[in-house]
Amino acid sequence: MAKNELFTDSYQARVGLLIGGVSSEREVSLKTGAAIYDALIKKGYDIIKIDPKSNDFLEKIGSIDVIFNALHGRYGEDGLIQGFLETLKIPYTGSSVVSSAISMNKVFTKEVLTNYNIPIIPFFELNDLAELKNLSFTTPLVVKPANEGSSVGISLVKDEKLLNDIVKESLEEYKELLIEPYIKGKEVQVAVLNGEVLGAIEIRPKREFYDYEAKYLSHDTQYILPAEISENELEQLFIYSKKINDILKCNGVIRIDYIVTEDDMFLLEVNTLPGMTASSLVPKIANYKGISFEDLCENILFSAKIHGV
């Protein structure tokens, strides 16, 4: 991607790297930020780390020209920090306020994309335990927060007797939940960079599904590149991914997660600020395509802009 007006031979913008934050994904964001910082330092950029949780946050924000957003989860990926940056008229990487808010909330994502014939798993939304009596799905079920990322808070429920207690506990923590039938299949994740599909990776966790532990704590998860699905299936996933990126008007790099069965494929979620740690999927896909981690980070940086609300 060509340099934008923030990065020219005669002018080099000062980059603020947003890391940490206050979400449940703070530790992942710190790791993502450390990797991006090292990559952009190697590229010769003037860059400082900025943690919204720190006392000097506002002071540091006022001294930079462009933001590389490496936050994850709530308050970083859900449109809130994006709105703050729009108000200050500071260009930032990632998607706009509206795109971020819709993509972060799994219910919003499904409701929007259903209208465009994107295949989704049937779901049940609830905000109150009393609503559970209206659930028509039978176990096994997946219970997940509607507004968290990185598989935070996901539970696989096989015993219907445990469902009430799990939902009650999850509601106390996350307030809004999504319940879906558990569908067994291949977990395939697609990266889109600047509006173009970059590639796909298949994940084979030793656990029953790709939860937080399988992502960040387990060393047994296998990553298959290229994904071992048919050419037709891969092409269809790429078509869906390009379409989703365009519908949601995403910017920079995103990752879209799917379940692929013998007969079908289903969208799981859209990640507008995917992880960029050593074990993260987008860097693996980029590397397979011949894009170094440093070049990937620079490419994302060049996508920074003021979106407007």
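The values are calculated or read from the model by the stated rules, or taken from the named source; none is laboratory data. Everything numeric in this text was worked out from a predicted model, so none of it was measured. Neighbour counts run over all protein chains shown; Cβ positions are idealised from the backbone, glycine included.
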TODO: Could you tell me whether residue 67 is part of a strand (DSSP E or B) and of a type outside the set (D, E, K, R)?
DONE: yes
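For (1) on the phi > 0 side of the Ramachandran plot; (2) buried (at least 19 other Cβ atoms within 10 Å of the Cβ); (3) basic (Lys, Arg); (4) outside the structural domain of residue 269 (by TED's automatic domain parsing), each residue gets a yes or a no:
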position: 113; (1), (2), (3), (4): no, yes, no, no
position: 132; (1), (2), (3), (4): no, no, no, yes
position: 159; (1), (2), (3), (4): no, no, no, yes
position: 167; (1), (2), (3), (4): no, yes, no, yes
position: 172; (1), (2), (3), (4): no, no, no, yes
position: 175; (1), (2), (3), (4): yes, no, yes, yes
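Results for (1) in a loop (DSSP other than H, G, I, E, B); (2) touching a strand residue (DSSP E or B) at 6+ places or on another chain (Cβ under 6 Å); (3) within 26 Å of residue 275 (Cβ to Cβ); (4) among the hydrophobic types (A, V, I, L, M, F, W, C), shown as yes or no for each residue.
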{"residue": "110", "(1), (2), (3), (4)": "no, yes, yes, no"}
{"residue": "113", "(1), (2), (3), (4)": "no, no, yes, yes"}
{"residue": "116", "(1), (2), (3), (4)": "yes, no, no, no"}
{"residue": "133", "(1), (2), (3), (4)": "no, no, no, no"}
{"residue": "144", "(1), (2), (3), (4)": "no, yes, yes, no"}
Task: Odd one out for residue 98 among (1) over 14 Å from residue 272 (Cα atoms); (2) surrounded by fewer than 18 Cβ atoms within 10 Å (Cβ to Cβ) - done: (1)
Open item on the list: Name the single residue that is surrounded by the fewest Cβ atoms within 10 Å (Cβ to Cβ) among those in the stretch 251-263 being within 18 Å of residue 204 (Cα to Cα) and out of contact with any strand residue (DSSP E or B) (no Cβ under 6 Å at 6 or more places or on another chain).
Closed with: 262
Open item on the list: Under 7 Å between Cβ atoms, which residue pairs at least 6 apart in sequence (or on different chains) link something in the stretch 244-257 that is in contact (Cβ under 8 Å) with a residue 40 or more places away in the chain and of a type in the set (S, T, N, Q) with a partner that is in a strand (DSSP E or B) and surrounded by 22 or more Cβ atoms within 10 Å (Cβ to Cβ)?
Closed with: 245/192; 245/254
Task: Unique match (being more than 15 Å from the chain's Cα centre (by Cα) and under 16 Å from residue 305 (Cα atoms)) among 126, 135, 88 - done: 88
